[in-house]
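The values are calculated or read from the model by the stated rules, or taken from the named source; none is laboratory data. Worth saying up front: this structure is predicted, and the values here are computed from it rather than measured. Here the Cβ positions follow ideal geometry from the backbone for every residue, glycine too, while neighbour counts run over all protein chains shown. The protein model used for the area step is the full one, side chains on, heavy atoms only, and it has no ligands, DNA or RNA in it. Shrake-Rupley method; radii C 1.70, N 1.55, O 1.52, S 1.80 Å.
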Amino acid sequence: MGPGANLHVKTVSERDIAGDRIEVRSAGSMPADQINPIAVDAMAELGIDNTAEASKVLTTEAVQASDVVITMGCGDACPFFPGKRDEVWKLDDPAGQGIDSVRPIRDDIRGRIEKLVSELI
């Protein structure tokens, strides 16, 4: 699945949980050409359609315009700006695994997002 699929799960979960109360930006240091179908299936189980999501390159401008920056596995490729709330979410990478490996990661991400949204709102 890789960090890119985790990113799409995170993004659509944030939008589902936060609605229009928080602006969500999604980008990666090495975005994939398409969304992993296992991530799509995992989100569909929750009634969330993420098929319209598209990977974008993480830019310095996006980080500068954000209050909170959450990274997942990009290491030194992710820009860091002092004064920004920066969280590194270490997640399992079930590359090549089935939906049973993706569900716990999806649920972990949703739990973290629920906590973050409650702190921000």
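Numbers for the structure displayed
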| quantity | calculated |
| --- | --- |
| Residues located in segment 43-62, provided they are more than 10 Å from SER26 (Cα to Cα), under 15 Å from the mean Cα position of the chain (by Cα) and open to solvent by 40 Å² or more (accessible area, probe 1.4 Å) | ASP49, THR51, ALA52 |
| Selection count where residues are without any contact (Cβ under 8 Å) to a residue 24 or more places away in the chain, in a helix (DSSP H, G or I) and under 24 Å from GLY19 (Cα atoms), scope segment 63-111 | 6 |
| Single residue of segment 5-27 satisfying the filter (touching a helix residue (DSSP H, G or I) at 6+ places or on another chain (Cβ under 7 Å), modelled with pLDDT of 75 or more and not basic (Lys, Arg)) that is surrounded by the most Cβ atoms within 10 Å (Cβ to Cβ) | SER26 |
